[in-house]
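To start, the structure under review is shown below, and the notes come after it.
The values are calculated or read from the model by the stated rules, or taken from the named source; none is laboratory data. What you see is a predicted model, and the numbers here were worked out from it, not measured in a lab. Here the Cβ positions follow ideal geometry from the backbone for every residue, glycine too, while neighbour counts run over all protein chains shown. To get the accessible areas, we keep the full protein, side chains included, count just its heavy atoms, and leave off ligands, DNA and RNA. Shrake-Rupley method; radii C 1.70, N 1.55, O 1.52, S 1.80 Å.
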Amino acid sequence: MANPRSPGTESSAPLRVAGGVFTLSILHLESNDPQQLAQRIAEEYRRHPAAADFHRHAPVVLDLSAIPEEAPLALPEILEVLRAANWFPVGLRNAAPGHQALARALHLPVLRGQERNAAPQPETLPPAQPVPASPGGLIIDHPIRSGQRSYARGGDLVCLAAVNAGAEIMADGNIHVYGPLRGRALAGVSGQETARIFCMSLEAELVSVAGLYRTLEPGYPLWGKAAQIYSRDEQLHITALYI
């Protein structure tokens with residue numbers, strides 16, 4: 001006669017672990033001073049409220065390339081500063097061995113990424129290469145008003161009219177704006193680093209490609225001009241679009 005199962009031995013569904021690709025913002029720490037970091041974030045939020053909305057409750061990776069290996073790192077205080085600003089630190093990269101040990105003690109992952117001692121890239125960039133259009137996409141033939149949000153999932157977003165201030169447009173692929181770009185534009189939101197933003201008149205509050213972002217304001221050299229925005233060497237570049 002079979003023995004009855006003892007309590008707690010009932011079969012259960014297996015644990016499912018799967019890989020995924022996510023877009024994460026990377027914060028390059030310029031100093032290991034938590035107070036200086038808090039001041040820089042406060043200044044950025046005062047000057048560009050759109051940046052505060054963009055980062056609210058967003059995961060961020062800390063890049064320590066600029067922090068010397070021998071420098072003490074006030075990592076607990078830095079994490080508190082970021083969380084107080086509604087940023088969610090999820091890991092470190094380009095950290096010295098001592099800083100990695102501190103991160104592990106705080107249960108913060110150390111992520112793989114660009115080598116800490118990688119050679120600097122030259123200042124001059126080669127001409128931008130054309131990017132093939134993503135399959136699918138979305139075409140919008142009317143102005144996008146303040147407060148509206150449009151997302152091209154799995155492809156490019158083409159706007160045939162203005163994107164007004166306070167509006168937000170997003171695409172997994174490229175973004176084309178055949179009019180003034182005055183709101184926020186986020187291309188490559190699913191992690192496509194080759195995505196680009198093209199516009200006939202750059203007047204954007206914020207632009208982002210694959211998690212790298214920049215806020216703009218009048219007085220920027222390409223303000224009001226045709227421009228393209230793209231990512232290269234984990235930096236965001238804005239160049240003139242010659243038409």
Number of the condition not met by HIS107 [criteria: (1) open to solvent by less than 50 Å² (accessible area, probe 1.4 Å); (2) part of a loop (DSSP other than H, G, I, E, B); (3) modelled with pLDDT of 90 or more]: (1)
Criterion: of a type in the set (Phe, Trp, Tyr) and under 11 Å from the mean Cα position of the chain (by Cα) - qualifying residue of TYR213, TYR220: TYR213
Out of GLY155, GLY173, sole residue that is open to solvent by less than 10 Å² (accessible area, probe 1.4 Å) and in contact (Cβ under 8 Å) with a residue 40 or more places away in the chain: GLY173
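Quick grid of which residues meet (1) at pLDDT below 90; (2) within 30 Å of GLN35 (Cα to Cα); (3) in a strand (DSSP E or B):
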residue	(1), (2), (3)
ALA118	yes, yes, no
GLN121	yes, no, no
LEU125	yes, no, no
VAL158	no, no, yes
MET170	no, no, yes
HIS176	no, no, yes
Restricting the range 158-170 to residues that are open to solvent by 10 Å² or more (accessible area, probe 1.4 Å) and within 18 Å of the chain's Cα centre (by Cα), the residue that is nearest to LEU212 (Cα to Cα): MET170
Positions within the range 71-90 being on the phi < 0 side of the Ramachandran plot and not in a helix (DSSP H, G or I), in sequence order: ALA71, PRO72, LEU73, ALA74, ALA85, TRP87, PHE88, PRO89, VAL90
Output for the range 127-152, where each listed residue is exposed (fewer than 14 other Cβ atoms within 10 Å of the Cβ), at pLDDT 65 or above and in a loop (DSSP other than H, G, I, E, B): ASP141, HIS142, ARG145, SER146, GLY147
Single condition ARG182 does not satisfy, out of (1) buried (at least 17 other Cβ atoms within 10 Å of the Cβ); (2) under 23 Å from GLY154 (Cα atoms): (2)
Any hit, the range 185-199, residues being buried (at least 16 other Cβ atoms within 10 Å of the Cβ) and of a type in the set (Phe, Trp, Tyr): yes
Any chance SER146 is touching a residue at least 60 places away in the same chain (Cβ under 8 Å), out of contact with any His (no Cβ under 7 Å at 6 or more places or on another chain) and under 24 Å from HIS55 (Cβ atoms): no
